[in-house]
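Structure record follows, encoded as structure tokens.
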Amino acid sequence: MTALTYILGAASLKVLRQKSGRLIYWGLNVALSAGLFALDFKMLSVAFFSLVLLTGVFSELEDLGLNLSVSAFFTLVINALIWTGTFLFWMSITGPKWSATVLAAVENLLKPLEVYNPGLQVKYFDLMLQLPSVIIMMWMASIYLAVLLESRLLTSRDPQTDPSVMQDLPMREQLKEFRVPDAAVWIFILALLGKFGGFSNQTFEAISANALNVCFTLFFFQGIAVVARTFEKVRLGLIWQTLFMVMIVVYLFLFVSALGLVDYWFDIRARLAKGPEVNVKRET
């Protein structure tokens with residue numbers, strides 16, 4: 001299961017949860033995960049079940065009437081606690097060789113990068129130390145895309161031309177208003193200091209690097225909200241929006257993260273709301 005397949009899979013699971021209800025969702029997916037594990041597809045089974053758990057917990061919190069930020073936060077906390085406990089249990093069974101096992105798995109996963117780009121120097125041990133944040137980032141991206149794509153998968157109505165879609169799916173509208181919590185900014189500043197402050201402590205640097213990765217992702221989501229508001233302001237067509245978004249995600253991650261940080265301090269979206277609208281011919 002590739003990272004992209006994993007992240008996009010959350011949208012389908014969320015629609016399944018909405019359409020089938022709680023009992024069928026959990027029963028069907030737990031049975032499927034157990035079947036994959038029994039057939040010796042252990043890694044696939046664990047990855048799939050982690051996505052089922054992530055989407056299921058988020059949907060349960062959404063049903064309680066919690067907003068996007070609160071639902072996502074507690075979903076990440078609950079999943080992190082469950083999988084941290086599972087990992088510690090696996091460590092106790094595996095013994096001292098657990099780190100070598102994880103490192104070997106990271107090397108096998110990233111070997112194709114060296115094959116396609118022989119000049120690329122991959123520091124596998126450093127990447128292994130950042131696995132916790134990589135997993136959390138994938139969970140965050142999965143939740144984000146599940147909310148973003150839910151309307152497209154549930155209905156053929158276009159949210160841009162039919163505002164009632166947004167009333168049925170309020171969380172998608174909340175994506176446009178997403179703001180990084182104040183605490184995340186201070187964590188970001190401390191993580192920068194810990195990573196680049198020259199403390200010569202590998203554990204402290206690893207924790208700081210993981211915190212930076214998560215903070216950059218949060219700022220990226222806020223930056224994407226600024227970009228989406230800009231597209232809305234100029235009334236850019238759906239086709240062009242899609243093309244630009246793909247280019248932004250693939251090539252401009254750090255730039256959009258920086259844009260999100262700037263928006264935190266200067267509230268770019270509020271300034272856009274005050275400016276005049278620009279009409280751009282809409283593609284259909």
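Tell me yes or no: at least one residue of region 100-119 is among the aliphatic types (A, V, I, L, M), surrounded by 15 or more Cβ atoms within 10 Å (Cβ to Cβ) and not in a helix (DSSP H, G or I).
Among the residues of region 100-119, not one is among the aliphatic types (A, V, I, L, M), surrounded by 15 or more Cβ atoms within 10 Å (Cβ to Cβ) and not in a helix (DSSP H, G or I), which makes the answer no.
How many of the residues making up region 168-178 are in a loop (DSSP other than H, G, I, E, B) and either of a type in the set (Val, Ile, Thr) or out of contact with any helix residue (DSSP H, G or I) (no Cβ under 6 Å at 6 or more places or on another chain) (or both)?
So the answer is 1.
Being surrounded by 14 or more Cβ atoms within 10 Å (Cβ to Cβ), more than 16 Å from Thr75 (Cβ to Cβ) and at pLDDT 80 or above narrows it down to one residue among Leu129, Leu153; which is it?
Leu129
Only one of Leu236, Leu252, Leu243 is farther than 21 Å from Ser133 by Cβ and surrounded by 15 or more Cβ atoms within 10 Å (Cβ to Cβ). Can you tell me which?
Leu236
Per-residue answers, yes or no, for (1) closer than 24 Å to Ala3 by Cβ; (2) among the acidic types (Asp, Glu):
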| residue | (1), (2) |
| --- | --- |
| Asp40 | yes, yes |
| Leu44 | yes, no |
| Leu51 | yes, no |
| Gly65 | no, no |
| Leu81 | yes, no |
| Ala100 | yes, no |
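Restrict the check to region 20-41 and report whether at least one residue is touching a residue at least 40 places away in the same chain (Cβ under 8 Å) and outside any helix (DSSP H, G or I). Lay out the reasoning, then the answer.
Let us first name the residues in region 20-41 that are touching a residue at least 40 places away in the same chain (Cβ under 8 Å), namely none.
No, every residue in region 20-41 fails to be touching a residue at least 40 places away in the same chain (Cβ under 8 Å) and outside any helix (DSSP H, G or I).
Check Val52, Val70 and return the single one that is surrounded by 14 or more Cβ atoms within 10 Å (Cβ to Cβ) and in a helix (DSSP H, G or I). Before you say what the answer is, go through the steps one by one.
Numbers: Val70 fails: surrounded by 14 or more Cβ atoms within 10 Å (Cβ to Cβ).
Every option except Val52 fails the conditions.
Would you say Asn79 is exposed (fewer than 15 other Cβ atoms within 10 Å of the Cβ), in contact (Cβ under 8 Å) with a residue 60 or more places away in the chain and in contact with a helix residue (DSSP H, G or I) (Cβ under 7 Å, 6 or more places away or on another chain)?
Here the answer is no, as Asn79 does not meet what is asked.
Filter region 248-260 for residues that are free of Cβ contacts under 8 Å to residues at least 60 places away in the same chain and either of a type in the set (D, E, K, R) or part of a helix (DSSP H, G or I) (or both) and give the result.
Passing the criteria: Ile248, Val249, Val250, Tyr251, Phe253, Leu254, Phe255, Val256, Ser257, Ala258, Leu259.
When only residues in region 186-225 that are assigned to a helix (DSSP H, G or I) and of a type in the set (Gly, Ala, Ser) count, which is nearest to Met128 (Cα to Cα)?
Among those that are assigned to a helix (DSSP H, G or I) and of a type in the set (Gly, Ala, Ser), it is Ala206.
Could you list all residues from region 120-138 that are more than 18 Å from Cys215 (Cβ to Cβ) and β-branched (Val, Ile, Thr)?
The one that is more than 18 Å from Cys215 (Cβ to Cβ) and β-branched (Val, Ile, Thr): Val122.
The values are calculated or read from the model by the stated rules, or taken from the named source; none is laboratory data. The structure displayed is predicted, hence computed values, not measured ones. Neighbour counts run over all protein chains shown; Cβ positions are idealised from the backbone, glycine included.
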